[in-house]
Structure formats: structure tokens, C-alpha cells
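The values are calculated or read from the model by the stated rules, or taken from the named source; none is laboratory data. Fair warning: this is a prediction, and the values are worked out from it, not measured in the lab. Cβ placement follows ideal geometry from the backbone for every residue including glycine, while neighbour counts extend to all protein chains displayed.
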Amino acid sequence: MNEKLYELIEDYNLGRLKPPQLEQFEAAVATDPALATAVATQRAEWEMRELLAENALRAQIRQGFAEQPPSLWITRNWKWLLPVLLCLGAAGFIFYRNTPAPAGTLPPAVPPSAVPADTVSTPQVPPSAPPPQQPNDRDKNMPDPRIYAMAAYEIPESLSGMRGANTEDTLGLAQTAFAEKNYRKVVSLLAVLPPDERQEALNLRAHARFGLQRFADAARDFSELEKGGIYRREAQWYGLLARVATPSAKRNEWTKDLDAIRNDGTHPYRKQANDLWQRLNK
């Protein structure tokens with residue numbers, strides 16, 4: 001499992017995903033047994049760690065009681081015992097409060113008579129909330145492909161752990177910022193591409209925009225790289241992921257690009273394209 005997918009599952013298990021990404025992820029879990037297993041496994045691992053910590057504490061307390069009377073043991077050890085108990089209690093409360101309810105579980109209904117008439121109002125969408133996404137031509141029963149596109153994305157080895165040798169050069173500063181995952185700074189530094197290093201800078205900016213989930217902008221950068229140069233084949237794959245992840249993109253607009261990579265026996269990302277196709281067509 002790649003790091004990005006693990007973090008996505010962790011955000012879901014901790015209740016950090018917000019609509020519409022929450023609904024998209026839950027739809028993917030409902031139709032992808034492997035993803036559902038990964039979610040359940042991570043949650044079980046956390047519960048096991050809590051249980052082991054609790055058992056270790058109980059064993060230590062029992063050992064202390066065996067060596068000296070309980071009242072004397074508690075008197076001597078209350079300074080560390082109380083914080084430990086408080087921390088365990090707080091951790092358990094936070095975990096169970098943030099753990100999403102199982103699929104199909106609904107909160108208890110509130111009788112209409114219990115709600116004062118003057119408190120009933122039409123829910124308002126916050127001004128900053130994006131408008132609800134239209135289904136385009138996607139099947140309503142199909143999980144949102146964006147989930148799979150983001151999960152399939154991995155930073156290429158050429159950019160992984162990269163740090164600019166020349167920190168006085170614009171590209172070098174951007175490379176250092178990318179290594180620190182400061183993608184906003186990368187995009188800001190490369191708002192105007194250096195003419196003598198245009199390909200390298202454009203490739204870096206495209207990945208930074210993907211990291212910021214500015215998928216349409218990333219797709220435009222990758223599309224330019226696809227026209228030719230050392231990043232052409234790599235940009236075909238990452239440009240495809242950016243187009244799949246773009247909310248306004250229609251399925252038939254990127255399906256042919258996915259098929260082109262899958263049917264190219266020499267393409268370096270053919271395996272990844274086949275894996276993505278299988279997930280999208282389950």
C-alpha cells in the first residue's frame with residue numbers, strides 16, 4: 001500500500017474526511033473489497049495496540065499489588081498512575097468519538113414534537129463550500145474515479161527526496177521546497193518558468209499542483225510535457241491521473257488515454273494503467 005492511500009484511510013478512520021471526499025471514499029469502500037479490508041485492518045491494528053497497552057498496565061498494577069498492599073502501592077505510585085489512566089481514558093474517548101459509524105448505521109430519529117418550531121430552518125450551505133458535483137456521464141452506482149486516481153499517484157523516483165543543489169537558482173529553490181512538500185511555494189516560485197530549464201520546471205510544477213489537488217492545472221502542465229521531451233511518457237501517465245481526478249472531466253475524455261497506455265506493450269506505466277483499469281471496472 002502506498003503512503004498516500006494509507007494516509008487517506010487514516011483520515012477516514014479518524015473522521016477527518018469531509019464531504020464530498022467522504023462520500024466518494026465510502027462509495028469506493030462499498031465496491032472495492034480490497035480497500036474495505038485495508039480500512040478494517042488499520043482500525044483493528046489500532047484497537048489491538050490499545051488493548052496491549054491496557055493489558056500491560058493491568059499486569060504492572062497486579063505485580064505491584066502482589067509485592068505490597070494495594071493501599072500502600074497506590075499511595076506510593078499515584079503520581080504516575082493517575083496521568084496514565086487519564087491518558088488512556090482520553091485516547092479511548094477520542095478514538096471512539098472519531099471512528100466513523102459502520103455503513104448503514106443511522107443516528108436515532110428525533111420526534112418532530114421534540115424540536116421547537118422556531119428552531120426549524122432550511123440548512124444553509126456555507127459560502128466557502130464548493131457547489132455539489134454533478135454526476136456528468138458517470139454511473140451513479142460507480143464509485144468516484146478520483147479516489148482511485150489519487151490513490152494511484154506516487155511521486156516519481158526522479159523527484160523523490162530531491163533537493164536543489166543551487167539554492168540561489170529559482171529551480172533549485174523550487175526543488176528544495178518540493179522535497180519539503182511545500183507545494184504552494186513551488187507553484188509560486190515557478191509561476192513564470194525559467195526558459196533555460198523549462199521542461200524540468202514545468203514537470204516540477206505539474207506534480208506540485210497535483211499535490212495541492214489542483215488537478216485541472218496539473219493536467220494542463222502534463223499535457224504540454226506530453227508533446228515531447230524527456231518527460232513525455234511519464235507525463236502521459238500522470239496527465240491521465242490528473243484528468244481522472246479533475247471533477248469536471250467526463251469519463252469518455254480520459255478512457256481512451258487509459259486504453260492507449262494499457263495497449264502499449266513498451267509503456268513504462270502499463271502495469272499501473274492496468275491496475276487502475278481493473279479498479280475502475282469492478
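Numbers for the structure displayed
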quantity: Set 216, 235: member being aliphatic (A, V, I, L, M), farther than 14 Å from residue 154 by Cα, in the same structural domain as residue 170 (by TED's automatic domain parsing) and not in a loop (DSSP other than H, G, I, E, B); calculated: 216
quantity: Matching residues, the stretch 233-282, being of a type in the set (Ser, Thr, Tyr) and surrounded by fewer than 19 Cβ atoms within 10 Å (Cβ to Cβ); calculated: 248, 255, 266
quantity: Number of the exception - residue 272 against (1) touching a residue at least 12 places away in the same chain (Cβ under 8 Å); (2) under 24 Å from residue 20 (Cβ atoms); (3) touching a helix residue (DSSP H, G or I) at 6+ places or on another chain (Cβ under 9 Å); (4) part of a helix (DSSP H, G or I); calculated: (2)
quantity: Residue match in the stretch 196-211 (condition: in contact with a His (Cβ under 7 Å, 6 or more places away or on another chain), within 29 Å of residue 21 (Cα to Cα) and modelled with pLDDT of 85 or more); calculated: no
quantity: Residue check for residue 256: touching a residue at least 40 places away in the same chain (Cβ under 8 Å), closer than 20 Å to residue 147 by Cα and not polar (S, T, N, Q); calculated: no
